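S.K.: Let me begin by handing over the structure; questions about it come next.
The values are calculated or read from the model by the stated rules, or taken from the named source; none is laboratory data. A quick note: this is a predicted structure, and the numbers were derived from the prediction, not measured. Note: ideal-geometry Cβ built from the backbone for every residue, glycine included; neighbour counts use all protein chains shown.
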Amino acid sequence: MPVFDFNDAPVSKEKCVCTYTTFQSNEPEATPEKPILVLDNHKKQWAHHSAGMFTNPIKRSTFEFQEEDGVVPADILKMDARFVSLLKWLGENHIHVRLSGENREDGYAVYKIRETDLGGGTKLSAADGFLQFMIERLLASSAPEDGIEEEDADELGDDMRLTSLQSITDFMNCAGKTLPDNIRLWAKRNLAVARSNEVSPEERRHAQRALSTMMNIQWKNNYFESIDPEEARRILDEELYGMEKVKQRIIETIIQINRTHTLPAYGLLLVGPAGTGKSQIAYAVARILKLPWTTLDMSSINDPEQLTGSSRIYANAKPGIILEAFSMAGESNLVFIINELDKAASGKGNGNPADVLLTLLDNLGFTDNYMECMVPTSGVYPIATANDKSQISAPLMSRFAVIDIPDYTAEEKKIIFSRFALPKVMKRMSMKPEECVLTPEGLDIVIEKHSGISGIRDLEQAAEHIAANALYQIEVNHVKQVVFDAEMVEKLLG
């Protein structure tokens, strides 16, 4: 077995000694019990806060503590595999840092690393927050599946945005193999283009823009933590009235995720009349999964290029809507809410947008024409809505578990209006419950006025009208309460 130095390149035993082993971790935060690295403390117990610097690659794998009596080295004993490239970068660039750790029997467990100005060192490209940004990104990432290999030495590997070439370069070096292999290699090639004097300024600009977009996305694995079914049910009951079959199907999906720790192979297709709460169901599922969400409105997409992006050969080229959604979310695990899927087959001469959706829904990876790189989609959960499933092609339908959303009955509309719609509007207007009262007869007239209309959107607008009228009377006529009976509702709603 070759001996590795801090640069993870094979070297001779005479040149250096690798003192540490790596361990796999997917912990989202570092603690004294689950540290970033462990340093040797059998000769000296280190202070809780200790300053110093990681060694140059030509030395032992150590941390040099800045003590009052000079520099005292301590070997690195073990390290979270996600942080090997970052610590290598800190050592190569002589970045002065302050460690926070605790002394244990097995060594000094370091759980915080901060940049500090001790003089003589090189600052990171974006000193204000860059190191903390990197640590947060690494803690949110997955452990490298195959550990640290020899080839890593030669490969590049949220409040802050990576835009400059220097900050992008620093990030790539520090991220190492926490980036998916194909994205790491893609980034190396694009960085070479962005720095090259042999290509046009336009090509360099495109390469830098693509790098900034890709590196600002947290590329996560497809492992999902267990979800509390009771909490999921509480959210569904809070967001939706009735719809027991729909809720049952969603809870079944949650149970499946808890067993496999991966998303189901099929997304959800919610089919029903307009205004029946299909989008609200989708938002509730995203909330349950604790994932960011984005929407694709298929009625406004008539060219596949809107989804796939345009080639960099064009001056005004840009990524497509799908890749931009990853960028806006800041991570690769998200809920795609595809509205009006029944309008997806309405391309206008340049291809069919539905064909692009198929590649996204298959979870085998999606390639954007501008990025020129396949991005993983195993963490994407699609939820589509449609009014008429007969207009959806068979290939698209086969990618979803279909849930039919029936229209509400008159009794359900009464409950939704009185318990949800009107109180919600009054709360938004800072009104007290006793300021606007609707009699049972008045409620009957409200429902009767909307008996031939599917969904509850018009009911919500009626609630807005009634509450606004009550507020007007309270403020202008100086009354304390407005009671809407059948006659008043009839006159107000016409």
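S.K.: Does segment 54-78 hold any residues that are out of contact with any Pro (no Cβ under 8 Å at 6 or more places or on another chain), buried (at least 22 other Cβ atoms within 10 Å of the Cβ) and part of a strand (DSSP E or B), and which are they?
M.R.: Across segment 54-78, the qualifying residues are 54, 74, 76.
To keep it simple, each residue is scored yes or no on (1) among the hydrophobic types (A, V, I, L, M, F, W, C); (2) within 19 Å of residue 416 (Cα to Cα).
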| site | (1), (2) |
| --- | --- |
| 443 | yes, yes |
| 446 | yes, yes |
| 450 | no, yes |
| 459 | yes, yes |
| 468 | yes, yes |
| 480 | no, no |
| 487 | no, no |
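S.K.: Now for a separate question. In the list 154, 159, 181, which residue meets the criterion of being touching a Gly at 6+ places or on another chain (Cβ under 9 Å) and either modelled with pLDDT of 90 or more or surrounded by fewer than 17 Cβ atoms within 10 Å (Cβ to Cβ) (or both)?
M.R.: That would be 159, the only listed residue that is touching a Gly at 6+ places or on another chain (Cβ under 9 Å) and either modelled with pLDDT of 90 or more or surrounded by fewer than 17 Cβ atoms within 10 Å (Cβ to Cβ) (or both).
S.K.: Is it the case that residue 344 is modelled with pLDDT under 90, over 19 Å from the mean Cα position of the chain (by Cα) and either closer than 21 Å to residue 215 by Cα or buried (at least 17 other Cβ atoms within 10 Å of the Cβ) (or both)? Don't jump to the end; show me each part of the working.
M.R.: Values: modelled with pLDDT under 90: yes; over 19 Å from the mean Cα position of the chain (by Cα): yes; either closer than 21 Å to residue 215 by Cα or buried (at least 17 other Cβ atoms within 10 Å of the Cβ) (or both): yes.
Yes: the conditions hold for residue 344.
S.K.: Exactly one of (1) among the aliphatic types (A, V, I, L, M); (2) crowded, with 18+ Cβ neighbours inside 10 Å; (3) touching a Ser or Thr at 6+ places or on another chain (Cβ under 8 Å) is unmet by residue 410. Its number?
M.R.: (2)
S.K.: Regarding segment 247-265, can at least one residue be identified that is within 30 Å of residue 456 (Cα to Cα) and acidic (Asp, Glu)? Before you say what the answer is, go through the steps one by one.
M.R.: Of segment 247-265, the ones within 30 Å of residue 456 (Cα to Cα) are 247-254.
Still in the list and also acidic (Asp, Glu): 252.
Yes: one or more hits.
S.K.: Residues in segment 365-400 that are touching a strand residue (DSSP E or B) at 6+ places or on another chain (Cβ under 6 Å), modelled with pLDDT of 90 or more and surrounded by fewer than 19 Cβ atoms within 10 Å (Cβ to Cβ): how many?
M.R.: 2
S.K.: Is it true that residue 444 is of a type in the set (D, E, K, R), out of contact with any Pro (no Cβ under 6 Å at 6 or more places or on another chain), surrounded by fewer than 17 Cβ atoms within 10 Å (Cβ to Cβ) and closer than 30 Å to residue 265 by Cβ?
M.R.: Numbers: of a type in the set (D, E, K, R): yes; out of contact with any Pro (no Cβ under 6 Å at 6 or more places or on another chain): yes; surrounded by fewer than 17 Cβ atoms within 10 Å (Cβ to Cβ): yes; closer than 30 Å to residue 265 by Cβ: no.
Spelling it out, it is not the case that residue 444 is of a type in the set (D, E, K, R), out of contact with any Pro (no Cβ under 6 Å at 6 or more places or on another chain), surrounded by fewer than 17 Cβ atoms within 10 Å (Cβ to Cβ) and closer than 30 Å to residue 265 by Cβ.
S.K.: Separate question: Taking segment 429-482, which residues are in a loop (DSSP other than H, G, I, E, B) and within 44 Å of the chain's Cα centre (by Cα)?
M.R.: Restricting attention to segment 429-482, the residues satisfying the condition of being in a loop (DSSP other than H, G, I, E, B) are 429-432, 439, 450-456, 477-481.
Within segment 429-482, 429, 430, 431, 432, 450, 451, 452, 453, 454, 455, 456 meet the criteria.
S.K.: Quick one: residue 194 ticks every box in (1) more than 26 Å from residue 138 (Cβ to Cβ); (2) surrounded by 16 or more Cβ atoms within 10 Å (Cβ to Cβ); (3) of a type outside the set (S, T, N, Q) except a single one, so which number is it?
M.R.: Exception for residue 194: condition (1).
S.K.: Quick one: in segment 303-312, of everything that is modelled with pLDDT of 90 or more and in contact with a Pro (Cβ under 7 Å, 6 or more places away or on another chain), which residue is nearest to residue 339 (Cα to Cα)?
M.R.: Out of the qualifying residues, it is 307.
S.K.: What pairs come out if I take residues in segment 446-466 that are on the phi > 0 side of the Ramachandran plot and pair them with residues that are surrounded by 16 or more Cβ atoms within 10 Å (Cβ to Cβ) and not in a helix (DSSP H, G or I) whose C-beta lies under 8 Å away, six or more apart or interchain?
M.R.: Here the result reads 455/275; 455/276; 455/277; 455/408, each pair linking segment 446-466 to a residue that is surrounded by 16 or more Cβ atoms within 10 Å (Cβ to Cβ) and not in a helix (DSSP H, G or I).
Rundown of residues vs (1) modelled with pLDDT of 90 or more; (2) polar (S, T, N, Q); (3) assigned to a loop (DSSP other than H, G, I, E, B); (4) surrounded by fewer than 17 Cβ atoms within 10 Å (Cβ to Cβ), yes/no style:
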{"residue": "246", "(1), (2), (3), (4)": "no, no, no, no"}
{"residue": "259", "(1), (2), (3), (4)": "yes, no, no, yes"}
{"residue": "314", "(1), (2), (3), (4)": "no, no, yes, yes"}
{"residue": "323", "(1), (2), (3), (4)": "yes, no, no, no"}
{"residue": "328", "(1), (2), (3), (4)": "no, no, no, yes"}
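S.K.: Spot the failing condition for residue 42; the list is (1) assigned to a strand (DSSP E or B); (2) surrounded by fewer than 22 Cβ atoms within 10 Å (Cβ to Cβ), and only one is missed.
M.R.: With respect to (1) assigned to a strand (DSSP E or B); (2) surrounded by fewer than 22 Cβ atoms within 10 Å (Cβ to Cβ), residue 42 is out only on (1).
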